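As structure tokens, the structure follows; a few thoughts come after it.
What follows draws every value from the coordinates through simple rules; no lab data is involved. Every value quoted in this text rests on a predicted model; they were computed, and no experiment measured them. Note that we place each Cβ from the backbone using ideal geometry, even for glycine, and neighbour counts take in every protein chain shown.
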Amino acid sequence: MLSLSALDWLALAIFAACWIGYATVVDRVPSIRARSVIAAMDEQRRRWMLATLGRENRIADMAAIGNLMNSTSFLATTSIFILGGLVAMLGASDLGRRVVATLPWSEVPSEVAWEIKIGLLLLIFVNAFFELTWALRQFNYGSILVGAMPPAADGAAGLPQAEAAARVLNRAARHFTTGLRSYYFGLAALAWIVHPLALVAASLFVLRELHRREFRSVIREAVQPSP
């Protein structure tokens, strides 16, 4: 660990504060979460499941869940390919450091520092894989709950089933969001290979983009449930 400079440690601390701090505030503080696109979509999914109760033919609902599963599966599969590439980079540190040395304003890491930086990326994308595969399983559970809904003629009898399906789909979406954030911050961590200050800049940029997209985007206004 002595192979990391003070600037490396500072950059790593800022990176962790951006990722963990943002996730903690947005996911754990109800008053802030309520203003996000995530909370708005949670309510829309609940309305979707309640509307599903009134339909005899639910093929379109199952197809929509299938589309959610496909996008989640794509990212989970991609994370496996990324992990394979990172393992290759870990085993070819000399070649990787020579490539970094050709970049302008780069700080060529020592062999130990290189392994630490690639190891961080491995941890990030392992986390992404587990989050995304768990989201995939929960979308699968949600499809089963939709399939088990009683006929539309039963009316309010299916309300608990619809609420349960909404909760499962919302949890799946939450883990999908967590996995997607791992991708964003994984790209930020990639900048650490070049220079610690690049990691700081990339972390702040990702933080800004996440906040803009989840709290200040046109999409958030569009999906905000009407009273």
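At-a-glance table
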quantity: Top positive-direction residue, dipole computed over the stretch 66-197 with Cβ charges, set 76, 118, 177; calculated: 177
quantity: Relative exposure of 199, 12, judged by other C-beta atoms within 10 Å (fewest first); calculated: 12, 199
quantity: Residue among 159, 26, 219 farthest towards the positive dipole end of the chain, charges placed on Cβ; calculated: 159
quantity: Sorted by Cβ density within 10 Å, fewest first, the residues 193, 80; calculated: 80, 193
quantity: Relative contact order (percent, whole number), the stretch 14-223, Cα cutoff 8 Å, 6+ residue spacing; calculated: 33 percent
quantity: Centre separation in Å (Cα based) which lies between the stretch 8-50 and the stretch 145-198; calculated: 12 Å
quantity: Per-residue ³J(HN,Hα) for the stretch 15-28, Karplus 6.51 cos²θ - 1.76 cosθ + 1.60, θ = phi - 60°, Hz, x for Gly and Pro; calculated: 4, 5, 5, 5, 6, 5, x, 5, 4, 5, 5, 5, 8, 10
quantity: All-pairs alpha carbon distance profile, the chain, 10 Å steps from 0, percent; calculated: 8, 27, 29, 19, 11, 5, 1
quantity: Ellipticity estimate at 222 nm from DSSP helix runs (n ≥ 4, -39,500 (n - 2.57)) divided over the chain, nearest 500; calculated: -27500 deg cm²/dmol
quantity: Debye, to nearest 20: dipole size of the chain, +1 on Lys, Arg Cβ, -1 on Asp, Glu Cβ; calculated: 500 debye
